[in-house]
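Read through the structure below, which is laid out as structure tokens, and then see the notes.
The values are calculated or read from the model by the stated rules, or taken from the named source; none is laboratory data. All of these numbers come straight from a predicted model, not from anything done at the bench. When we count neighbours, we look across all protein chains shown, and the Cβ atoms used for this are built from the backbone with ideal geometry, even at glycine. To get the accessible areas, we keep the full protein, side chains included, count just its heavy atoms, and leave off ligands, DNA and RNA. Shrake-Rupley method; radii C 1.70, N 1.55, O 1.52, S 1.80 Å.
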Amino acid sequence: DVQLQASGGGSVQPGGSLRLSCAASGFPFSRYDMAWFRQAPGKEREFAAAIAWRGGTTLYSDSVKGRFTISRDNAKNTVALQMNNLRPEDTAVYYCSRLRQWRPTPLPRFWGQGTLVTVSS
């Protein structure tokens, strides 16, 4: 039973930072590429960041590049998303996901309930 438990969301002001964390279980975590997707209110889910199983290869959407950093700890079965310089448009539910594919566009295979990030003044 694949479980992807995201945490760390909250409410911050523009320019602030948050660190999201995801605890994965139910599959051999270190063998799979992972990603964060997000869904803003009233909008469709979109890709944010991905990291390969070995951790050396990452991919970011243009909207988060330079501000977000994805990382993973295969010994702890966790993946994190460090979010800096947050903007109101970053407001969304963030989903930790096991990646289905990289190309032509990243797509998730599994995801959990997500954690809410709200960026407002």
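Miscellaneous remarks
- Candidate set: the stretch 51-79, residues that are among the hydrophobic types (A, V, I, L, M, F, W, C) and in a strand (DSSP E or B); chosen: the one surrounded by the most Cβ atoms within 10 Å (Cβ to Cβ): V79
- Residue that is farthest from G8 (Cα to Cα), among those in the stretch 80-102 that are open to solvent by 10 Å² or more (accessible area, probe 1.4 Å) and among the charged types (D, E, K, R): R100
- Residues that are closer than 18 Å to K43 by Cα and of a type in the set (A, V, I, L, M) within the stretch 63-102 comprise V64, A92, V93, listed in sequence order.
- Note on the stretch 17-75: residues that are hydroxyl-bearing (S, T, Y), under 20 Å from F110 (Cα atoms) and within 14 Å of the chain's Cα centre (by Cα) amount to 5.
- Residue match in the stretch 21-38 (condition: at pLDDT 95 or above, open to solvent by less than 40 Å² (accessible area, probe 1.4 Å) and in contact with a helix residue (DSSP H, G or I) (Cβ under 9 Å, 6 or more places away or on another chain)): yes
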